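The values are calculated or read from the model by the stated rules, or taken from the named source; none is laboratory data. Please read these numbers as outputs of a predicted model, since none were measured by experiment. Cβ sites come from the backbone with ideal geometry, for glycine too, and all protein chains shown count toward neighbours.
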Amino acid sequence: MRVESSAIAHSSVAVGGHPEGTDPRPATSGTRSSADADTGTDTDTCTDTCTDTCPAVPETEPRHRHRHRTGGTLQAALGVTAFSLTFPATAWGLEGFGPWSLVAVRSVLAAVIAGGCLLAVGVPPRERSRAWGSVRLPGRRHWAGLAVVAAGVVVGFPLLTTLALQTSTTAHAAVVVGLLPLTTALFSALRMGTRPSRTFWAAALTGAAAVLTFTVAQSGGALTTADLYLFGALLACAAGYTEGGRLARVMPGWQVIGWALVLCLPLSVPGALLALSYEPVQLTAHSVAGLLWVAAGSQFLGLVVWYRGMAAIGIPKASQLQLAQPLLTLVWSVLLLGEQLTPAAPLTAVAVLVCIAVTQRTSA
């Protein structure tokens with residue numbers, strides 16, 4: 001089975017170890033690609049993402065690819081929905097936890113969930129000679145990419161946005177982070193070596209200018225410390241999304257974020273113990289619910305479906321689905337937090353939405 005990587009290289013990408021142009025039928029027996037044989041790395045088979053095996057007749061491949069792309073779009077959309085609740089949930093969590101405690105504890109809880117999934121799934125007995133216990137370790141060539149994912153989406157983005165939300169409203173943060181699809185598309189272009197059109201860059205710069213104007217106006221004519229945290233979070237998250245989307249094309253998406261979380265455990269466990277000893281904790285319904293959501297929903301489950309979606313439909317196109325995230329977060333901030341929106345917030349979010357729609361069309 002082949003998945004079209006739209007907007008990255010306009011070429012097909014082999015999934016499940018099927019080299020381009022070869023018969024996909026042997027893959028249904030559970031074989032692995034030769035590129036992964038010496039590293040012990042497992043790649044997705046067709047049965048990981050489809051309910052049946054790859055069709056043996058070439059004429060059926062367009063229908064099969066269409067079904068795969070539709071599933072990828074749905075998974076990416078589910079990830080965006082989960083992410084849209086991150087800021088309101090973080091605001092709830094800050095009602096009972098300090099910023100450092102909230103970030104460290106959410107990372108530990110998410111890593112426990114991810115580690116449990118890695119242990120539960122395991123690997124076939126015939127392949128355990130290349131595995132650690134019942135869990136196959138990622139290939140050595142993937143560790144650098146996993147480190148980028150960990151630094152970007154496990155540590156960088158949660159920490160910087162949590163620090164920002166101490167003094168910023170979720171509505172303000174949502175508009176600023178609305179630039180994330182454009183930032184991700186930029187990182188993808190740099191990482192994958194693609195050259196977006198002039199229209200793409202014009203729309204991207206227009207969206208960035210709209211957010212910058214909104215930020216300066218809302219901050220009284222100058223950027224605040226919270227704004228600097230948010231812009232730093234944009235860069236960290238875009239790097240993590242891009243690298244995670246690339247890795248999810250050669251290994252299961254849930255393992256990408258799973259191993260990134262486990263990789264952070266040597267830092268997150270002592271960090272959580274240290275932070276909890278210095279920052280007071282007040283357990284309330286809101287603080288516990290916020291912590292559980294950012295740990296299970298945003299940090300793990302949301303990223304699982306998000307990376308799988310990016311692997312199926314391409315990093316730039318999936319990132320553009322996030323055009324709905326700022327608007328969804330604005331809705332949650334009103335419904336869950338009772339925030340009052342200024343007219344500039346939804347207007348700027350819509351302006352960014354239009355710019356992102358233009359970049360999606362030019363990169364399709």
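Before moving on, here are some points about what is shown:
- Note on the range 173-205: among residues that are buried (at least 17 other Cβ atoms within 10 Å of the Cβ) and more than 21 Å from the chain's Cα centre (by Cα), the one that is farthest from Glu243 (Cα to Cα) is Ala203.
- Each residue in the range 198-238 was checked for being among the acidic types (Asp, Glu) and touching an Asp or Glu at 6+ places or on another chain (Cβ under 7 Å), and 0 of them qualify.
- Lone unmet requirement of (1) crowded, with 19+ Cβ neighbours inside 10 Å; (2) over 19 Å from the mean Cα position of the chain (by Cα); (3) not polar (S, T, N, Q) for Lys317: (2)
- Taking the conditions (1) within 17 Å of Phe83 (Cβ to Cβ); (2) more than 17 Å from the chain's Cα centre (by Cα) in turn, Ala209 satisfies each one other than (1).
- Hits in the range 323-340 (condition: modelled with pLDDT under 80 and in contact with a Ser or Thr (Cβ under 8 Å, 6 or more places away or on another chain)): Ala324
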